[in-house]
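Right, one structure below, let's go through it.
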Amino acid sequence: MTTFRLKPITFIGILGALLCTASVAVWAGVESSLKKTEHEVADEYKKIEDKVNSKARDFSSRHEMFKSVEEEATAKQLKAAKGNPALQQQIADQAHIDLLTRKRFPSAMDCSVCHPYHFEGWSASAHSYAQISPIFNAMQGTFIDRSNGTNGDFCIRCHTPVGMALEEPLFTANENRSSVSREGVTCIVCHRVNGEFGRVSGRFPIEEGPIYDKMYGPLANKVIQEVIKRYDVSPAPGVNEGAEKIHAGTERIGVFQKPVFCGMCHDVNSQNGFRLETAYTQFLNSPAHEKGQSCQDCHMSKIPGQPLSGFHKGPVAEIGGQPTREQRLTDHSFHGPDYSIVHAGVFPHSVETTELAAFQDWFDFDYTAGWGSETFEADETGKSDFPEAWQSRSKRIKARQLIDSQIKRLKKFDAGRRQLLRRGYQFREFELLQNDDKGIAFEVTIQNGTDGHAIPTGFDAERVVFVQVTVTDQEGNIVFQSGDRDPNGDLRDGLSRYVHNGEVPFDSYLMSLQSDFLALNLRGGQRPEILTIDYSATALPFVRPNTMSSLLLGHPPDTRKIVNSLPPNGSLTGRYVVTKDQLTGKGPYLVNLRFISQMMPVHLVWEISGVGFDYGLSAKEVGDRLVKGALTLWEHNILLDSPSASIDLRPTEDDILSSKTTDETDNHWYRYINSLLKKN
């Protein structure tokens, strides 16, 4: 937190904790669902899933062996299932399924044996969260449902390329997918791609083959051949059996170090020509591109978002615990605005949690109630009715240890996320224009501290980034506020259900960088939309390619996007006015400024809730976790004790990098979880 007095500035610090307004209202239709039993919710979810997939039957073939996929089988799981023949058979069946799957598409778990550094970064990244996300899964189902299946694999082919190659259903609970499919953008999604395909919105082939087949990357084949000669490894079936399995070769492809490799997914154009995401195009027109920098220079470097920081040096692999020779190491964390809202037993991806319990069983492990903790287990004398998978006391204790480790990994990842976002979203200046008994007026300028692309970028119409301004008198009474939330956790903008209902006023001063989707009405002008799905006057709306270029028509298509992002090095100034009637006469007044980033808006949760959420989550639970996960990137307190002033708020490099640890100030979802854990 930074505190300013307009007479000599006496203190400059960093961040204070975000006090998020808790969601206290439950949407119509959701409240009743919270009262239903777990089985009733599961039954409803299955019915919706069947309904949605029936619409997609002409657009996605089914593969029978994936209809009842659980989680990869291990010897530890079989041992834990001793005395339960049905469960043992289920685990054995799963082992065969995963064996067949991994012959075609190796898992990141296989890669982690030799590449622990790369796996650790990837395991908590947005790439690895892509398919696990319950919000994405519900969005995919909603698009399929409302387009009568014609949206096909447009969204999901980027979020689980392996799942689509395996011809898994377009919409289903993640427990029904193969373990490799749940890894989202897993290792082979990049390292089994053999060339440059351009801006294809994620539609490119992945070479199939077991772990022994060659991989593609930035290193020449001679490197892997040195490893095969020097270490005790198995480069092919039947060769040196029992040693660590390794791919027998690598092929160096220059595209791995070029921006176009990222552009294959990070420019998204729908079937009808709608430009949904333009991160790569923005980069091609940026100062960073003109300077010869690449996406990888910023997003895989030592310091997130700082291309001048260079790359780490170290062993690219560890064979039998022995490191290979030192080379350039790239960070696969790919920090960004996303954060996990799911059970820590299933994310981040972990070899240990996978070995201990099946994917779906982790959601039954109630670590917030203290399961596995020393205090809980000492007091537990048969009083609790544990699920079958968690009857064993020793297994619960081990699970709790793994959960604690998982939460620490998430906090560590959040530190990088916060650094990256602080580098982009910055305050520039505060200017006091008026401060007397007739009112207060001031301006706040924010800036894009980077030159690689706009911020936010990508799915910018669903990224919540805003400035919260609160003016209080000397007794702490709020006389003015902008950027506060409605009871659902939404901002008071045009998409707030409370604003629509006239229950809270529209925030006319809101400084938000969230872009807008606009749809053409049947008659008249356009209206804002949450999702780019047509509301058709016919019985069956569907997605279809445009018949001609919208440029030839001289007007935008039915749906368009108004971009509110800050361009590279760009800035935006907001003017705030506190009227005479709002003043209490108890000055001097204090202005609190906060720059806040949130993964997704709560109104999106409501919009996609019709198909249900994975893992038994209700819409309210998802919305609350979104709000709790928001980050306050910067906070400043400015005491208005002079008639006018101008304050430079631009951060230094030390300001960007120096911060309290995440468990003290940052992600409120993890703070909430920690508070529950400490009680037990």
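Residues in the stretch 158-176 that are in contact with a Lys or Arg (Cβ under 6 Å, 6 or more places away or on another chain) and either surrounded by fewer than 20 Cβ atoms within 10 Å (Cβ to Cβ) or polar (S, T, N, Q) (or both): Asn174 alone. Within the stretch 144-162, which residues are at pLDDT 95 or above and not in a loop (DSSP other than H, G, I, E, B)? Residues satisfying the conditions are Ile156, Arg157, Cys158, His159, Pro161, Val162. With respect to the conditions (1) assigned to a loop (DSSP other than H, G, I, E, B); (2) assigned by TED's automatic domain parsing to the domain that holds Arg182; (3) farther than 30 Å from Lys229 by Cα, Phe261 falls short on a single one, namely (1). Against the list (1) part of a loop (DSSP other than H, G, I, E, B); (2) touching a Ser or Thr at 6+ places or on another chain (Cβ under 6 Å), the condition Arg400 fails is (1). A Cβ distance below 8 Å, combined with a sequence gap of six or more or placement on separate chains, defines the contacts here; from the stretch 436-460, residues that are closer than 25 Å to Asp297 by Cα reach residues that are among the acidic types (Asp, Glu) and buried (at least 17 other Cβ atoms within 10 Å of the Cβ) in the pairs Ala454/Asp460; Thr457/Glu277; Gly458/Glu277; Phe459/Glu277; Asp460/Glu277. Of the residues screened, Ala236 is one that is more than 24 Å from the chain's Cα centre (by Cα) and either surrounded by fewer than 14 Cβ atoms within 10 Å (Cβ to Cβ) or among the aliphatic types (A, V, I, L, M) (or both).
Scanning the stretch 187-197 for residues that are outside any helix (DSSP H, G or I) and touching a strand residue (DSSP E or B) at 6+ places or on another chain (Cβ under 9 Å) yields a total of 4.
Would a scan of the stretch 418-432 turn up a residue that is surrounded by fewer than 22 Cβ atoms within 10 Å (Cβ to Cβ) and either at pLDDT below 95 or assigned to a helix (DSSP H, G or I) (or both)? Quick ask: steps written out before the conclusion?
Going through the stretch 418-432, the residues surrounded by fewer than 22 Cβ atoms within 10 Å (Cβ to Cβ) turn out to be 419, 428-432.
Right, trim to either at pLDDT below 95 or assigned to a helix (DSSP H, G or I) (or both) and you get 419.
Within the stretch 418-432 (the criterion being surrounded by fewer than 22 Cβ atoms within 10 Å (Cβ to Cβ) and either at pLDDT below 95 or assigned to a helix (DSSP H, G or I) (or both)), the answer is yes, since at least one residue qualifies.
Of all residues in the stretch 433-454, exactly one satisfies the criterion of being more than 19 Å from Tyr509 (Cα to Cα), part of a strand (DSSP E or B) and more than 23 Å from the chain's Cα centre (by Cα), namely Asp436.
Quick check, is Pro348 in contact with a strand residue (DSSP E or B) (Cβ under 8 Å, 6 or more places away or on another chain), closer than 25 Å to Met599 by Cβ and either aliphatic (A, V, I, L, M) or in contact (Cβ under 8 Å) with a residue 24 or more places away in the chain (or both)? In short, no.
Sort out which residues of the stretch 461-487 are touching a residue at least 40 places away in the same chain (Cβ under 8 Å), more than 30 Å from Met264 (Cα to Cα) and of a type in the set (A, V, I, L, M), and write them in order of number. Across the stretch 461-487, the qualifying residues are Val467, Val469, Val471, Val479. In this entry, Gly574 is excluded by the filter for residues that are more than 30 Å from Asp436 (Cβ to Cβ) and either modelled with pLDDT of 95 or more or not in a helix (DSSP H, G or I) (or both). Within the option set Thr632, Thr547, being among the β-branched types (Val, Ile, Thr) and modelled with pLDDT under 95 holds for one residue only, Thr547.
Evaluating Leu308 against the criteria (1) touching a residue at least 12 places away in the same chain (Cβ under 8 Å); (2) not in a loop (DSSP other than H, G, I, E, B) leaves one unmet condition, (1). Taken over the stretch 469-494, the residue count meeting the criterion of being at pLDDT 95 or above and closer than 29 Å to Arg560 by Cβ is 10.
When Ala461 is tested against (1) within 18 Å of the chain's Cα centre (by Cα); (2) among the small types (Gly, Ala, Ser); (3) part of a strand (DSSP E or B), only condition (3) is not met. Of the strands (runs of 3 or more DSSP E) contained entirely in the stretch 469-550, those carrying at least 2 residues that are within 23 Å of Lys580 (Cβ to Cβ) fall at 478-482. Residue check: is Gln293 surrounded by 18 or more Cβ atoms within 10 Å (Cβ to Cβ), farther than 19 Å from Thr186 by Cα and modelled with pLDDT of 90 or more? Judged against the criteria, Gln293 is a match. Within the span defined as the stretch 643-654, one or more residues are assigned to a helix (DSSP H, G or I) and either of a type outside the set (Phe, Trp, Tyr) or at pLDDT 95 or above (or both). Would you confirm whether or not the stretch 267-277 contains a residue that is touching a Gly at 6+ places or on another chain (Cβ under 9 Å), part of a loop (DSSP other than H, G, I, E, B) and crowded, with 16+ Cβ neighbours inside 10 Å? No; the residues of the stretch 267-277 include none that is touching a Gly at 6+ places or on another chain (Cβ under 9 Å), part of a loop (DSSP other than H, G, I, E, B) and crowded, with 16+ Cβ neighbours inside 10 Å.
Is the stretch 340-358 home to any residue that is touching a Lys or Arg at 6+ places or on another chain (Cβ under 7 Å) and assigned to a helix (DSSP H, G or I)?
Among the residues of the stretch 340-358, at least one is touching a Lys or Arg at 6+ places or on another chain (Cβ under 7 Å) and assigned to a helix (DSSP H, G or I), which makes the answer yes.
Residues are listed down the side, and each one gets a yes or a no for (1) surrounded by fewer than 15 Cβ atoms within 10 Å (Cβ to Cβ); (2) charged (D, E, K, R); (3) farther than 30 Å from Gln474 by Cα:
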position: Pro568; (1), (2), (3): no, no, yes
position: Lys580; (1), (2), (3): yes, yes, no
position: Pro588; (1), (2), (3): yes, no, no
position: Pro601; (1), (2), (3): no, no, yes
position: Pro643; (1), (2), (3): yes, no, no
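Can we say Glu208 is assigned to a loop (DSSP other than H, G, I, E, B), surrounded by fewer than 19 Cβ atoms within 10 Å (Cβ to Cβ) and more than 22 Å from the chain's Cα centre (by Cα)? Criteria met by Glu208.
Quick one: which residue in Thr368, Thr381 is in a helix (DSSP H, G or I), outside the structural domain of Pro307 (by TED's automatic domain parsing) and either surrounded by 15 or more Cβ atoms within 10 Å (Cβ to Cβ) or more than 20 Å from the chain's Cα centre (by Cα) (or both)? Break it down stepwise before answering.
Details: Thr381 fails: in a helix (DSSP H, G or I).
Matching residue, one of Thr368, Thr381: Thr368.
Looking across the stretch 371-402, the residues that are of a type in the set (Ser, Thr, Tyr) and in contact (Cβ under 8 Å) with a residue 60 or more places away in the chain come down to Ser373, Thr375, Ser392.
Output the residues belonging to the stretch 300-341 that are farther than 26 Å from Ile407 by Cβ, among the aliphatic types (A, V, I, L, M) and surrounded by 15 or more Cβ atoms within 10 Å (Cβ to Cβ). Of everything in the stretch 300-341, those that are farther than 26 Å from Ile407 by Cβ, among the aliphatic types (A, V, I, L, M) and surrounded by 15 or more Cβ atoms within 10 Å (Cβ to Cβ) turn out to be Val316, Ala317, Ile319. The set of residues from the stretch 410-447 being aliphatic (A, V, I, L, M), more than 17 Å from Val469 (Cβ to Cβ) and in contact with a helix residue (DSSP H, G or I) (Cβ under 9 Å, 6 or more places away or on another chain) comprises Leu410, Ala415, Leu420. Looking only at residues of the stretch 472-506 that are of a type in the set (D, E, K, R) and over 23 Å from Val622 (Cβ atoms), we find that the one that is surrounded by the most Cβ atoms within 10 Å (Cβ to Cβ) is Asp473.
The values are calculated or read from the model by the stated rules, or taken from the named source; none is laboratory data. From a predicted model like this one, the values you see are computed outputs, not experimental measurements. FYI the Cβ positions are ideal-geometry reconstructions off the backbone, even for glycines, and counts take in every protein chain you see.
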